[in-house]
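Shown next, in structure tokens, is the structure this report addresses.
The values are calculated or read from the model by the stated rules, or taken from the named source; none is laboratory data. Predicted model only: the values in this text are computed from it and were never measured. Every residue, glycine among them, receives a Cβ derived from its backbone with ideal geometry; neighbour counts consider all protein chains shown. All accessible areas refer to the heavy atoms of the entire protein, side chains included, with ligands and DNA or RNA removed. Shrake-Rupley method; radii C 1.70, N 1.55, O 1.52, S 1.80 Å.
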Amino acid sequence: MSVWYEYKTKIDTRDVDGRSRCRPSALLGYLQEAATLAAEDRGFGREVLLEQHGAFWMLARMWYRLDRPLRWGDELTVHTWHRGGKGASMYRDFDLYVDGECIGQAVSLWVLVRLEDRKMLRLSQIPELEGTSGGERNKDIQLSKLRMPEEMALAERRVMHYSDTDINAHVNNTRYADFACDAIRADLLPENLFVAGMQLGYHAECRPGEVVDLLCVQEGNGCFVHGIDETGKSRFDVQIFLGQDIP
């Protein structure tokens, strides 16, 4: 059995912006789907974990970088594998290909959480994970906690809605990429710039009806977006990397 799982999809009109570039949230959706299918294929997907262990995977951090934009009509191939894990967390790696050329990579950090009380479980308690890691293909990228700049301005006050939620009844991780792009007004970026990468940190679940303030600042060749609730509690952090689009 291969150590990696292959997922293929075509970038269609639902997932691109007004410049025919794949939106970051859509790319995160592809990566999430690849991770879900890979876990199911290896025998530790959602149904198995819920039935056997009363647990589910929760995304803690996500990072990706692209060498060039994904565009409408591109045939995207994703290779993904996990690194094994220590304690309650596990890294999953991704390589992204278009026409056989590697055009980007991604890394995600997941934790295993008990459904009934949201407490983390040690991966050693999940025998289905044994012998399924990527081995020599594992990346060495580590995702540290993002440090937000001290001075940030309010860009938007956003209400969480039903349309933001997923199967776990909280705001889907891909939606935070949309929130961040809206906060920096990605639609107003110069034509030659695109969102070439992101790192996202998820601190607390958001649910419909909650209100989140989006704080934003530009720094260097990118931007930071910080989401906090009405009590000042941190919900998520995003660092955005901008790159040159060379047709």
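Can you tell me which condition Asp41 does not meet? The list is (1) open to solvent by 50 Å² or more (accessible area, probe 1.4 Å); (2) touching a residue at least 40 places away in the same chain (Cβ under 8 Å), and all the others hold. Of everything listed in (1) open to solvent by 50 Å² or more (accessible area, probe 1.4 Å); (2) touching a residue at least 40 places away in the same chain (Cβ under 8 Å), Asp41 misses just condition (2). Note on the stretch 50-93: residues that are closer than 22 Å to Val16 by Cβ and open to solvent by 50 Å² or more (accessible area, probe 1.4 Å) total 6.
In the stretch 160-189, which residue that is in contact with a Pro (Cβ under 9 Å, 6 or more places away or on another chain) and closer than 16 Å to Val225 by Cα is surrounded by the fewest Cβ atoms within 10 Å (Cβ to Cβ)? Among them, the one singled out is Asp178. Here Leu96 meets the list (1) over 18 Å from Leu112 (Cβ atoms); (2) open to solvent by 40 Å² or more (accessible area, probe 1.4 Å) almost entirely, failing just condition (2).
The strands (runs of 3 or more DSSP E) located wholly in the stretch 191-247 that include 2 or more residues which are closer than 22 Å to Phe94 by Cα occupy 193-202, 234-244. Could you tell me whether any residue of the stretch 213-224 is open to solvent by 30 Å² or more (accessible area, probe 1.4 Å), more than 24 Å from Ile141 (Cβ to Cβ) and under 20 Å from the mean Cα position of the chain (by Cα)? The answer is yes; a qualifying residue exists.
All of Ala169, Ala180 fail the test of being without any contact (Cβ under 8 Å) to a residue 40 or more places away in the chain and closer than 20 Å to Gln32 by Cβ, apart from Ala169. Identify all residues within the stretch 106-126 that are open to solvent by 60 Å² or more (accessible area, probe 1.4 Å) and not acidic (Asp, Glu); write none if there are none. Those that are open to solvent by 60 Å² or more (accessible area, probe 1.4 Å) and not acidic (Asp, Glu): Arg114, Leu115, Arg118, Lys119, Met120, Arg122, Ser124, Gln125. Residues in the stretch 6-38 that are open to solvent by less than 50 Å² (accessible area, probe 1.4 Å) and among the hydroxyl-bearing types (Ser, Thr, Tyr) were compared, and the one that is nearest to His82 (Cα to Cα) is Tyr7. Of the residues making up the stretch 127-152, those that are open to solvent by less than 60 Å² (accessible area, probe 1.4 Å) and either part of a loop (DSSP other than H, G, I, E, B) or under 22 Å from Asp229 (Cα atoms) (or both) are Thr132, Ser133, Gly134, Asn138, Lys139, Ile141, Leu143, Leu146, Met148, Pro149, Met152.
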